[in-house]
Every structure is written in structure tokens, then in C-alpha cells.
Amino acid sequence: MQVQQILSQPARVLTQGQREKYFADGFVCVEDIVPNDTLIELQRVTAEFQDKSRAETTSGDTFDVGSGHCAETPILRRLKSPDIQDDAYWSFSTGLMADIAADLLGPNVVFHHSKLNFKWFEASDTVKWHQDIQFFPHTNYNVLTIGCYLADTDMSNGPLAALKGSHKEDLYDQYDAEGNWTGMLSDEDAAGIDMSRVEYMTGKAGSITIHNARTLHYSPASKNPVPRPLLLNCYTSSDAKPYTAHPQPTRNTYKVVRGEQVIWAEHDPRPCQIPPDWSGGYTSIYAAQAGEN
Ligand SMILES: O=C(O)CCC(=O)C(=O)O
């Protein structure tokens, strides 16, 4: 669906100005949009998972843990696929988040995946500059991720940052010179980014970030003892069809969460880089960026 067609549909949650900003810049931050009772429930469930991760020694299907992770000082980098870990997460994915996705993707929305990323004080948890669509190419670029901060997030605890207008530019190469997938830009490409175009998305717990899958983004390491949990849900328009293996499918992958499935794919002529074949398993962006694969 074209931008003008999407914008001509009545909005469910976002203002017209927020929708226009998303299409102009490739991202938008909306502060304080999640109702308090929903937020409290998500925080409660998340605290339980943080606690459960103490029993893990290595990354697995549920937890992605950083080096130095142990029972006394858990360094949980990611809770994988929260949509299948607890109903509170899936209700959120199919509730407010799906309505917001429909405001930006059009009436027919498909769930792609979810993840819950943490940042911890003094852990080296910078997420380096990258674009998402090379991880999961689709026939068009109506693919986006909505992040919800579960704790207050300011410049000190690793907010998500994005480069204005990058979704309209060419995609970057996310392999290194030896042909290894790194899931990020080379140091040289990253050094060329015009930092005057970068916007940091900060906000209180319950604020959301929305970025298009072509938008260049990163997040700095946290310098604050307050952990930064960011609950991310990714959706596509149902006319955007995947043509590579899903990195981490769950029973909810490709479920229609708004509107209906369509049987005609829309094709965007702009090229997309193809990731490695992950049909046999995927680790995480952290592992790829740290060369752990
Ligand atoms: O957790 C973050 O700050 C960013 C995560 C991200 O960009 C990703 O997982 O693709």
C-alpha cells in the first residue's frame, strides 16, 4: 500500500502529525502512550524473567546472556520471543501495538517477531548502526518495529537513535570484507554517518519508538545503573511477503493481527541484501555484532 493510501485511512491511535513524521523521517517517538495498568503488568512479568535468567549459564532459546552473566549479577541481553513466553506480552503485541502498526502499515497487519532487549550499567551493550530489513527481506518495505520502554529512558541509559531520512536512501552492506555476516555497518560506513541528522528517542516508561525496517539506527551503551528494557514488536503490511527464512519463528509468526491476509504481494523495486540462511538456527544481533557466530 502506498503512503498516501495509508495516510488517507482514519487513524486508530496516532495523530496525523505522528504518522506523517514516521513517513518523512523513517521513525517517530511517542511519549507516554501505554496505559499504566498495561505497563505495570509488563514490568511485573519482565522482572520475573530477569530473575529466572539467573539460573542460566549460556544463551539458549529463551535468554541471550552477555559475557560475565551469573546468578549474582545477571547480564540478560535479550528475552527472546516474548510473544510466546507470557500472555501479557502477546496481548500487548495484538492490542495497542497492533493498532499503532495499522496506523502506519494500512489495515492488514501481520505479526513478524518480538524481542525484549536490555541494557545494563557498564556492560558493553552498544547496538551498532544497522538496518533491520537485511535480517528479514520482504517484497516491499512496509515493515516496522515498535519499541516500548519499560523503564524511564534518557540519554544516560542507551536510548534508541535513528538517522533521519535514511529509510529513503540505499541500504548498507552488513557483511564484512571476508563475507561474514556482521549485522551492522562497517566501521568506515559508520564513521561516515552525519550525526547532525541523528535523533535520540527518549521517554518515560510507557513511551514508544517506531522505526521503519530500512531506517538506520543504533543505541549507545548505558551509563546508568537503571536497566533499560525495550520491548520490541515487529510487523509487516500483509502485502509485504518474506522471501528468506525467518530468523526466529514462533507459533505467532505471520499471524494476521489486524484486517486480513492478502494473496497479492506488492513489490518495491529497490534491492535488498540477503542474510545468511538461518533456517537451521539463529543467535542474535548481539552475537553477530560481537563476532560470536
Ligand atoms: O535494543 C536496542 O537498543 C536496539 C535493538 C535493535 O536495534 C535490534 O534488535 O534490531
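The values are calculated or read from the model by the stated rules, or taken from the named source; none is laboratory data. If you're wondering where the values come from, they're calculated on a predicted model, not measured in any experiment. Here the Cβ positions follow ideal geometry from the backbone for every residue, glycine too, while neighbour counts run over all protein chains shown. Just the protein is used for accessible areas: all its heavy atoms, side chains included, with ligands, DNA and RNA removed. Shrake-Rupley method; radii C 1.70, N 1.55, O 1.52, S 1.80 Å.
Considering every residue within the range 207-230, establish whether at least one is away from the ligand (no atom under 14 Å from the Cβ) and at pLDDT 95 or above. Looking through the range 207-230, none of the residues is away from the ligand (no atom under 14 Å from the Cβ) and at pLDDT 95 or above.
Quick grid of which residues meet (1) surrounded by 14 or more Cβ atoms within 10 Å (Cβ to Cβ); (2) among the acidic types (Asp, Glu); (3) in contact (Cβ under 8 Å) with a residue 12 or more places away in the chain:
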position: 8; (1), (2), (3): no, no, no
position: 17; (1), (2), (3): no, no, no
position: 27; (1), (2), (3): yes, no, yes
position: 36; (1), (2), (3): no, no, yes
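One residue is enough: does the range 47-62 have a residue meeting the conditions touching an Asp or Glu at 6+ places or on another chain (Cβ under 7 Å) and without any contact (Cβ under 8 Å) to a residue 24 or more places away in the chain? Looking for residues that are touching an Asp or Glu at 6+ places or on another chain (Cβ under 7 Å) and without any contact (Cβ under 8 Å) to a residue 24 or more places away in the chain, one finds none in the range 47-62, hence no.
Of the strands (runs of 3 or more DSSP E) contained entirely in the range 1-98, those carrying at least 3 residues that are modelled with pLDDT under 95 fall at 63-65, 76-80.
Scanning the range 196-206 for residues that are over 20 Å from residue 125 (Cβ atoms) and either touching a strand residue (DSSP E or B) at 6+ places or on another chain (Cβ under 9 Å) or within 16 Å of the ligand (Cβ to nearest atom) (or both) returns 197, 199, 204, 206. For the range 44-84, a residue qualifies if it is under 23 Å from residue 226 (Cβ atoms) and of a type in the set (S, T, N, Q), and the qualifying residues are 46, 50, 53, 67, 73. One residue stands out in the range 256-274 among those that are surrounded by fewer than 17 Cβ atoms within 10 Å (Cβ to Cβ) and touching a strand residue (DSSP E or B) at 6+ places or on another chain (Cβ under 7 Å): the one that is nearest to residue 173 (Cα to Cα), namely 256.
Of all residues in the range 185-219, those that are open to solvent by 30 Å² or more (accessible area, probe 1.4 Å), out of contact with any Phe, Trp or Tyr (no Cβ under 7 Å at 6 or more places or on another chain) and in contact (Cβ under 8 Å) with a residue 60 or more places away in the chain total 3. Of all the residues in the range 137-149, those that are assigned to a loop (DSSP other than H, G, I, E, B) and either in contact with a strand residue (DSSP E or B) (Cβ under 6 Å, 6 or more places away or on another chain) or of a type in the set (Val, Ile, Thr) (or both) number 2. Would you say residue 166 is within 13 Å of the chain's Cα centre (by Cα) and either modelled with pLDDT under 95 or within 16 Å of the ligand (Cβ to nearest atom) (or both)? Criteria not met by residue 166.
Does the range 175-184 contain at least one residue that is more than 11 Å from the ligand (Cβ to nearest atom), buried (at least 24 other Cβ atoms within 10 Å of the Cβ), of a type in the set (Val, Ile, Thr) and modelled with pLDDT of 95 or more? No, the range 175-184 has no match at all.
Looking for whichever is within 13 Å of the ligand (Cβ to nearest atom), of a type in the set (Asp, Glu) and surrounded by 15 or more Cβ atoms within 10 Å (Cβ to Cβ) here; the options are 152, 132. Which one fits? Explain how you work it out, then say what you get.
Working: 152 fails: within 13 Å of the ligand (Cβ to nearest atom).
From the options 152, 132, the qualifying one is 132.
Contact annotation: residue pairs with Cβ atoms under 9 Å, 6 or more positions apart or on different chains, pairing a residue in the range 279-293 that is under 13 Å from residue 67 (Cβ atoms) with a partner that is within 12 Å of the ligand (Cβ to nearest atom) and of a type in the set (Val, Ile, Thr), are 286/127. When the residues of the range 85-121 are filtered to those that are more than 26 Å from residue 141 (Cα to Cα) and more than 16 Å from the ligand (Cβ to nearest atom), which remaining residue is surrounded by the most Cβ atoms within 10 Å (Cβ to Cβ)? It comes out as 85. Return a yes/no flag: does the range 275-292 have any residue that is open to solvent by 20 Å² or more (accessible area, probe 1.4 Å) and either in contact with a helix residue (DSSP H, G or I) (Cβ under 8 Å, 6 or more places away or on another chain) or assigned to a strand (DSSP E or B) (or both). Checked against the condition, which is being open to solvent by 20 Å² or more (accessible area, probe 1.4 Å) and either in contact with a helix residue (DSSP H, G or I) (Cβ under 8 Å, 6 or more places away or on another chain) or assigned to a strand (DSSP E or B) (or both), the range 275-292 yields at least one hit.
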